[in-house]
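These notes concern the structure reproduced below.
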Amino acid sequence: MNNYQWYPGHMAKALKTMREDVKSIDVLLELVDARAPESTRNPNIADLSKGKIHILILNKRDMADDSVTKRWMEYYKAKKINAIAIDAKKKEDINRINALVDKLVDEKYSGADTRLAKAVEAAGGKLSERSIKIMVTGIPNVGKSTFINSFAGKAGTKTGNRPGVTKGKQWIRIRKGRELLDTPGVLYVKPLSQESGMRLAFIGSLNDNNLNIDELALDLVKWIIPAYPGSIINRYEVPEEEPLETMEAIGERRGALKRGGIIDYEKTAGIIMDDFRNGRLGEMSLERPE
Ligand SMILES: Nc1nc2c(ncn2[C@@H]2O[C@H](COP(=O)(O)OP(=O)(O)OP(=O)(O)O)[C@@H](O)[C@H]2O)c(=O)[nH]1
Ligand SMILES: [Mg+2]
């Protein structure tokens, strides 16, 4: 059985780097996967985002079940968390993020008596002339790089050699008054439960090299059959019965066979995981709010 609660040893180091980077940031954009927004959050975020504008971005909304994403939006609204669901590749969605950032920046910094305004004035500047510093964070594979590319756009130019908070890091001027740290803060999660770890494995946020891919695919099939009945039939034209039999039927159907006509489980698993991760099994949400 796969141990989905394994976590990488460099987790602590990544967190330390994030703590350094986050110091000079005004806005923290926390990217999660819309299909499993809670399992893809890092528990340290509450601490890291203290005193900052914090936006929870449910990315890959195009791969999630719309009705469930709507419920997540209500869930976060009730918790007074600024949440927004996006497809990082869609320009309209990037515009919605920009609008939300502007709204929250205005709300927070419009009063002349805010801490930031005071600090900037004390340094002889004007708040309106200071750039708001933005940083993206998220666990592996949630779409950080894709988002940064869209968000910074073509106009996104590196702001010279001015060093970022950490050596080697650069700020990108995304537009007037808005600068983005070019490197996202990668955080890891130690899954709270085997179930939550399994969701992370399904969406590719845990390293496949540490997992048995045959078991992973079998667990996925086991989950899909009752959660989204008909989707396996649609894709592979095989009966959805006992999960192992279904998996074997998929292998047979796709010609994933070894010499002698024996099912090649590893190859079959690869096909299933690839289809799921590329959205070819349909829009699916792995978790829903209580
Ligand atoms: N459908 C869909 N795919 C997306 C979206 N955003 C990112 N992806 C895809 O998700 C995969 C991972 O995206 P990346 O941008 O590399 O993710 P990352 O968080 O930078 O990953 P690491 O650097 O490995 O931590 C890529 O195949 C992207 O094309 C989205 O909103 N919708
Ligand atoms: Mg990346």
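Brief remarks on what is shown
- Selection within segment 249-288 - in a helix (DSSP H, G or I), over 29 Å from the mean Cα position of the chain (by Cα) and surrounded by fewer than 17 Cβ atoms within 10 Å (Cβ to Cβ): E252, R253
- Taking the criterion of being surrounded by fewer than 16 Cβ atoms within 10 Å (Cβ to Cβ) and not in a loop (DSSP other than H, G, I, E, B), the residues of segment 37-55 that qualify are A46, D47.
- Of note, N207 does not satisfy the criterion of being polar (S, T, N, Q), at pLDDT 95 or above and not assigned by TED's automatic domain parsing to the domain that holds V32.
- Among the residues making up segment 204-216, those that are touching a Phe, Trp or Tyr at 6+ places or on another chain (Cβ under 8 Å) and outside any loop (DSSP other than H, G, I, E, B) are N210, D214, L216.
- Annotation: of all residues in segment 73-105 being touching a strand residue (DSSP E or B) at 6+ places or on another chain (Cβ under 6 Å) and more than 26 Å from G153 (Cβ to Cβ), the one that is surrounded by the fewest Cβ atoms within 10 Å (Cβ to Cβ) is I81.
- Against the test of being farther than 19 Å from M135 by Cβ and touching a helix residue (DSSP H, G or I) at 6+ places or on another chain (Cβ under 6 Å), the options W6, W72 yield a single qualifying residue, W6.
- Single residue of L15, L58, L31 found to be within 16 Å of ligand 2 (Cβ to nearest atom), under 30 Å from I213 (Cβ atoms), touching a residue at least 24 places away in the same chain (Cβ under 8 Å) and not in a loop (DSSP other than H, G, I, E, B): L31
- Among the residues of segment 172-203, those that are more than 16 Å from ligand 1 (Cβ to nearest atom), closer than 14 Å to N42 by Cα and in a helix (DSSP H, G or I) comprise S196, G197.
- Filter pass, I233 being β-branched (V, I, T), in contact (Cβ under 8 Å) with a residue 60 or more places away in the chain and not in a loop (DSSP other than H, G, I, E, B): no
- Checking each residue in segment 34-55 for being within 19 Å of the chain's Cα centre (by Cα) and free of Cβ contacts under 8 Å to residues at least 60 places away in the same chain picks out A46, D47, S49, I53, H54, I55.
- Residue in segment 141-155 that is assigned to a strand (DSSP E or B), within 16 Å of ligand 1 (Cβ to nearest atom) and at pLDDT 80 or above present: no
- Index of the failed condition, G261 passing every other in (1) more than 16 Å from ligand 1 (Cβ to nearest atom); (2) modelled with pLDDT of 95 or more; (3) small (G, A, S): (2)
The values are calculated or read from the model by the stated rules, or taken from the named source; none is laboratory data. These numbers were taken from a predicted model, which means no experiment stands behind them. Counting neighbours? That spans all protein chains shown, and the Cβs are built from the backbone with ideal geometry, glycine included.
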